Amino acid sequence: MEIYIGVDGGGTKTDATAIHSSGEVLSRFTGGSTNPYIVTFDKAMAELQNVLDGLLTPLNDESFSLTSICLGMSGISSVDERRRVQLHLLSYFQQRLPSTRIYMRSEAEISLMAVLERQHGMLAISGTGSNTYGITQSGDIHRVGGWGHLLGDEGSGYQIGLQTLKSVIKSHEGITPPTIMTSLIVESYPLQHITDLKSYIYQPAITKQHIASFARCCIEAAEAGDEAALRIIRQQAEELADTTSALIRQQAEFEESDLVWIGSIFKHSPEFRKAYCDSLLARYPQLRFPEGNRERTPAHGAALLACKLFTDGVSDLL
C-alpha cells in the first residue's frame, strides 16, 4: 500500500495526516509547536519526529510504502530554512523509509490544496495571527502580512482579543458606554471583578495565545448585537481587507481570482466574514469566495499535494 503524508506545522500545534493514493485517510496525529522561532530549531525538529512517530505507529502492522511527504511549516520560508528541515528528515527517514521523497511547500499551497484541490488562488488567514497569500497560475507566490503580533497581525484573534481587553477597561473607566463583553470575560476567566484583569494579564506566563483567546468573548458579544464588539470585529475585518487589497494590487490576475479564507476567526464569526468579504467586493467585484471542501484540514491538503507532486514526477530537491 502506497501512502502519502502531509504536515501542517504551526506555532501552537502541528497536524499530520497519512492518506492512501485513493485519498482515504489512514492516520492522523497532532503534536506541539514546530515553529523554530517559538521553540528553537532543535526542539521543533524533535517535535516533528514525535509527530511522525505518532502518525506512523498505527500503520506499523500494515504492509505499506511511504512514497512521499509534503510539509507546510510556519517559520520555515527561506531556502536555507527549508534545506535544514529537509536534511533533518532525510536522516530520520534513512533509518526507516529511505526512499521517501520530501517536499517543502508554503502553508498557502497546502491550504489551497485542501479546499480547492489546486495550488493557485489567494488565501487569507485569521486565527491567532493573520496572513495573506496569493499564488499565480504560473506558480509565483506573493505575501502581504505575517509580521507577528508586535508588528502586524491585523485582523487576527490576537488583535481582536487585545482590542476587547482595552474596550472593557475603557468601559469600566467610564470613557465608553457599558459593554456585555465585561460580564462575558468575568464569567469566563478566574476574575471576581473586571479590575482583576490587570493582575491576570500581566502574569509572566501570559502569551499571545492567551490574549487571542479573549476574541471569543468579542465574537459572542457581537452576535448578541453589542455595539463595542461589533465595532472591533468590523474594524479588524476592514484591516485584513486592506492587507488583502495590497496583495491583490501585486498581480492583475488576483482581481478576478478565487479567495479562500481559513482560521478560527473566520470560522466562528459570521460578522467578521461578512464585513471582510463585503469590503473586498466593494473594491474588487470580480473576486470569488468559493466554499470548496471545508472538511479537509491543511495537513490533509499537504498529503494530497505530496501525492500530486510525486505523481507528477516533481523532484524533491529544493
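The values are calculated or read from the model by the stated rules, or taken from the named source; none is laboratory data. A quick note: this is a predicted structure, and the numbers were derived from the prediction, not measured. Note that each Cβ is placed from the backbone with ideal geometry, even for glycine, and that neighbours are counted across all protein chains shown. Side chains included, ligands, DNA and RNA excluded: accessible areas come from the protein's heavy atoms. Shrake-Rupley method; radii C 1.70, N 1.55, O 1.52, S 1.80 Å.
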- Task: Can you figure out the FRET efficiency of Thr30 with Ala224, using R₀ = 25 Å and their beta-carbon distance, to the nearest 0.05?
- Result: 0.20
- Amide N proximity, the range 113-130 versus Val314 label position 7 Å along Cα-to-Cβ, cut-off under 11 Å: 113, 118-120
- How high is the FRET efficiency between Asp140 and Glu295 when r is their beta carbon distance and R₀ equals 30 Å, given to the nearest 0.05? 0.55
- Task: Please compute the Cα-Cα pair-distance distribution of the range 160-318 with 10 Å bins starting at 0, giving whole percents from short to long.
- Result: 9, 29, 27, 20, 11, 3, 0
- Task: Take the Cα of Lys267, step 7 Å along the line toward its Cβ, and report every residue of the range 281-310 whose backbone nitrogen sits under 17 Å from that point.
- Result: 291-302
- Item | Amide H partners (placed H, <5 Å) of Leu26, local residues excluded | Ala18, Ile19, His20
- Item | Ratio of the Cα radius of gyration of the range 1-113 to 2.2 N^0.38 Å, where N counts its residues | 0.99
- Residue-ordered couplings for the range 231-244, obtained by feeding phi - 60° into the Karplus form 6.51 cos²θ - 1.76 cosθ + 1.60 and rounding to whole Hz (Gly and Pro as x), are 4, 5, 4, 5, 5, 5, 4, 5, 5, 5, 5, 4, 4, 5
- Net length gained if the chain between Thr195 and Thr57 were fully extended (0.36 nm per residue, minus Cα distance): 44.8 nm
- Message: Test of the criteria: in the range 268-315, which GluC sites (Glu not before Pro) are in a DSSP loop and have at most 16 other Cβ atoms within 10 angstrom of their Cβ?
- Response: Glu291, Glu295
- Task: Mind telling me which of Leu87, Leu259, Leu165 comes out most flexible in a GNM of the chain, alpha-carbon contacts under 10 Å?
- Result: Leu87
- Note on the structure: About its Cα centre, the chain carries a charge dipole, from +1 on Lys and Arg Cβ atoms and -1 on Asp and Glu Cβ atoms, whose size in debye to the nearest 20 is 400
- What does a probe at Thr207 reach in the range 133-154, counting residues whose amide N is under 20 Å from the point 7 Å along Cα→Cβ? 146-154
- Message: Quick check on packing: order 28-37, 126-135, 280-289 by the mean number of other C-beta atoms within 10 Å, highest mean leading.
- Response: 126-135, 28-37, 280-289
- Note on the structure: The answer for chymotrypsin sites (Phe, Trp or Tyr not before Pro) in the range 136-216 that fall in a DSSP coil and have at most 15 neighbouring Cβ atoms within 10 Å is Trp147, Tyr202
- Whole-percent carbon and sulfur contribution to the accessible surface of the chain (1.4 Å, no ligands, DNA or RNA) stands at 50
- Query: Taking R0 as 22 Å, what's the FRET efficiency between Leu97 and Ser22 from their Cβ-Cβ distance, rounded to 0.05?
  - Reply: 0.65
- Message: Just to check, using Stokes-Einstein with a Kirkwood Rh over alpha carbon pairs, what's the diffusion coefficient of the range 172-252 at 4 °C and 1.567 mPa s in µm²/s?
- Response: 88
- Item | Extension gain, Arg83 back to Asp42 (0.36 nm per residue minus Cα-Cα distance, nm) | 13.3 nm
- Dividing the surface of the Cα convex hull of the chain by four yields a projected area in nm² of 17.4
- Message: Under the 0.36 nm per residue contour assumption, what length would be gained going from the current alpha-carbon distance of Glu173 and Lys274 to full extension?
- Response: 33.2 nm
